[in-house]
């Protein structure tokens, strides 16, 4: 399936807020959404996304948030790319993502991550660091399909995680 990553804008309000509501209803976190769950208003979230990207949020690593859409403009997922890794957040990695539950299992996350790795090379990140819960088999497969190499397992905030590295330059 052909997808594109695009920055959220005012035209995406209805879809993004429906995405938020669905994840909240399911008790899931929409990873890679720049704190969407914390914002009741779309304009507040969009403002946050823009400020975080421009490094105007204290104690927050600057990152670029994208919406993954199909050719019809339908929101399939979200992905967030940290522009740098600070030591305190190294284990969180460069990239976080989520896929709309209706679109899971169709290769969306794999393609989102491939495109995000290409973006990383454009902003000077040659080795992408990623982590996922040890119990999240789907994310492990997505990372490994994008040539992720397992580096180590670690414990944080009550859970075990795997940390991977991906050579971003091999993605085209």
#### Entry: Single residue of 158, 148 found to be within 21 Å of residue 117 (Cβ to Cβ) and modelled with pLDDT of 95 or more
148
### Message
Restricting to the stretch 67-91, name every residue that is outside any strand (DSSP E or B) and closer than 22 Å to residue 111 by Cβ.
### Response
70, 71, 72, 73, 74, 83
### Message
Considering only residues that are touching a strand residue (DSSP E or B) at 6+ places or on another chain (Cβ under 6 Å) and either under 18 Å from residue 101 (Cα atoms) or crowded, with 21+ Cβ neighbours inside 10 Å (or both), which ones fall in the stretch 32-55?
### Response
32, 33, 34, 49, 52
### Task
Can you give me the number of residues within the stretch 148-169 that are surrounded by 11 or more Cβ atoms within 10 Å (Cβ to Cβ) and without any contact (Cβ under 8 Å) to a residue 24 or more places away in the chain?
5
### Task
Tell me, please, whether a residue that is within 25 Å of residue 133 (Cα to Cα) and either surrounded by 18 or more Cβ atoms within 10 Å (Cβ to Cβ) or touching a residue at least 24 places away in the same chain (Cβ under 8 Å) (or both) can be found in the stretch 56-63.
yes
#### Entry: the stretch 23-55: number of residues that are in contact (Cβ under 8 Å) with a residue 60 or more places away in the chain, assigned to a helix (DSSP H, G or I) and under 17 Å from the mean Cα position of the chain (by Cα)
1
### Condition met for residue 4 (under 22 Å from residue 143 (Cβ atoms), modelled with pLDDT of 95 or more, touching a helix residue (DSSP H, G or I) at 6+ places or on another chain (Cβ under 9 Å) and surrounded by fewer than 19 Cβ atoms within 10 Å (Cβ to Cβ))
yes
### Query
Considering only residues of the stretch 79-89 that are touching a strand residue (DSSP E or B) at 6+ places or on another chain (Cβ under 7 Å) and surrounded by fewer than 22 Cβ atoms within 10 Å (Cβ to Cβ), which is nearest to residue 49 (Cα to Cα)?
83
### Task
With the condition kept exactly as written, say whether any residue in the stretch 10-31 is surrounded by 15 or more Cβ atoms within 10 Å (Cβ to Cβ), closer than 21 Å to residue 124 by Cα and modelled with pLDDT of 95 or more.
no
#### Entry: Conditions (1) in contact with a helix residue (DSSP H, G or I) (Cβ under 9 Å, 6 or more places away or on another chain); (2) in contact (Cβ under 8 Å) with a residue 60 or more places away in the chain: number failed by residue 93
(1)
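The values are calculated or read from the model by the stated rules, or taken from the named source; none is laboratory data. The structure presented is a predicted model; accordingly, all values stated were derived computationally and were not measured. Backbone-built Cβ (ideal geometry, glycine too); neighbour counts: all protein chains shown.
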